[in-house]
Amino acid sequence: MTDNVPAGLPSAASPDSSGSGPATGAPYDAVVLAGGGARRLGGADKPGVQVGGRALLDRVLAACVDAVTTVVVADPRATARPVRWAREEPAGGGPVAALDAGLRLTTAEYAVVLSADLPFLGADTVHRLLAALRDSDADGAMLTDDDGRDQPLVAAYRTASLRGALADLAPEHGEHGGLTGLPLRRLTGALRLTRLTDPLASFDCDTWEDIAHARARIREHGHVLNEWITAVKNELGIELDVDTRVLLDAARDVAHGVARPAAPLTTFLIGYAAAQGKGDAESIAEASAKVADLAIRWEAEHSGGGSAPDAG
């Protein structure tokens, strides 16, 4: 295990600096397993493969952004947000050994355990898993795919239950190093589990065909705008939640009432004006409303031509 981070990478976060826990319910930690060999991808760097301009690992980290502590079990790399780093010994020892290494850096009552190849996982699914676990007496809540197969790396667990199951496995195989090579079913088989079905959130990228499917899906009409805006905010380091409909409406009014090229320039100016103010979503909405009103007045002048106003 290590907290060391190479130069140029985000520094390791302290246990309470990665996030503040979900808006409702008990805080949780996240353990993301990202150190597999990706044999079905020809040994490619799977966590770094991009879908929608974002690395698969960064997409998963966005889904658990409100974790108190996020531990990534892999060799350190640049990530979109600060995390802590761990590594199983020996490296490449498999998911059970990796989970054991990551879990040692967690302290919360609940642990969300994720693989690093889930392009469609969102924070809403993470919260659903946590809610299902809290509302039951189970040791864990995991997703199943559309074939009903368990997905133990898209799950929330009671941390104490995981630690206990790992401790029970270790003596059977000669201390913690004996966890090397064990399949996850040896661990989860000892736990009481509740299950949720979500074929989309549980979709993982094991092959290049899977990658191609994920890249095609995010470009579909119902997804592309949100995916693009999320990618832009990630690229620019912006965390602001923006009502895109407000900006689109303003851009439409400007394009219709003024000129098409004015629309993108105007949205830039709206953002700049909002940044000069409070820099929040309300500031953007206020600036957009002013611009929309201006565009209507501008068009009205053109529609009215040079005639004098009605004296009434």
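Compared with the dominant principal axis of the Cα atoms in the chain, helix 221-236 is inclined by about 80°.
Ordering of 228-239, 253-264 by packing is 253-264, 228-239, highest average first (other Cβ atoms within 10 Å, averaged per residue).
Ellipticity at 222 nm from helices only: DSSP H runs of n ≥ 4 in the chain, each -39500 (n - 2.57), divided by the residue count, give -13000 deg cm²/dmol.
Return a whole-number percent for the relative contact order of the chain, with Cα pairs under 8 Å and 6 or more residues apart as the contact set.
It rounds to 16 percent for the chain.
Relative to the Cα centre, the charge distribution of the chain, modelled as +1 at Lys and Arg Cβ and -1 at Asp and Glu Cβ, gives a dipole magnitude of about 460 debye. For residue 104 and residue 208, the difference between the fully extended length at 0.36 nm per residue and the C-alpha to C-alpha distance is 34.1 nm. Label sites at residue 200 and residue 185, each approximated as a point 7 angstrom past Cα along Cα to Cβ, lie 3.0 nm apart. For residue 290, the lysines whose Cα falls under 17 Å of its own Cα, not counting residues fewer than eight places away in the same chain, are 278. Identify the residues of segment 102-127 with backbone N under 15 Å of a label point that sits 7 angstrom from the Cα of residue 160 along the Cα-to-Cβ direction, or state none. Inside the label zone: 107-111. By DSSP, the beta bridges lying fully in the chain are antiparallel in about 40 percent of cases.
For the chain, the solvent-accessible area with a 1.4 angstrom probe is 52 square angstrom per residue. Between residue 282 and residue 50, the modelled labels are 3.7 nm apart [label points 7 Å from Cα along Cα→Cβ]. Here the spin labels are modelled as points 7 Å beyond Cα on the Cα-Cβ line, and at residue 233 and residue 298 they lie 2.7 nm apart.
If you fit an axis through the alpha-carbon atoms of helix 208-217 and take the longest principal axis of the Cα set of the chain, what angle between them do you get, 0 to 90°, nearest 10? Helix 208-217 sits roughly 30 degrees off the main axis of the chain.
With the cut-off at under 18 Å, measuring from each backbone N in segment 91-134 to a point 7 Å along the Cα-to-Cβ line of residue 167 picks out 97, 99-111. Close amide-amide hydrogen proximity is noted between residue 196 and 142, 143, 144, each under 5 Å apart and 5 or more residues distant or on a separate chain (H modeled in the peptide plane; Pro and chain starts excluded).
Name the shape class, rounded, prolate or oblate, that the alpha-carbon gyration tensor gives for segment 40-121, where a ≥ b ≥ c are the square roots of its eigenvalues, rounded holds for a/c under 1.5, and otherwise prolate holds if a/b is larger than b/c and oblate otherwise. Since a/c reaches 1.5 but b/c is at least a/b, the shape of segment 40-121 is classed as oblate. The DSSP beta bridges internal to segment 141-237 are antiparallel in roughly 50% of cases.
Rounded if a/c is under 1.5, else prolate if a/b beats b/c, else oblate: with a ≥ b ≥ c from the C-alpha gyration tensor eigenvalues square-rooted, which is segment 158-309? Prolate.
The values are calculated or read from the model by the stated rules, or taken from the named source; none is laboratory data. Note that the coordinates shown come from a computational prediction; the quantities given were computed from them, not determined experimentally. All Cβ positions, glycine included, derive from the backbone under ideal geometry; neighbour counts span all protein chains shown. Heavy atoms of the whole protein, side chains included, go into the accessibility calculation; ligands, DNA and RNA do not. Shrake-Rupley method; radii C 1.70, N 1.55, O 1.52, S 1.80 Å.
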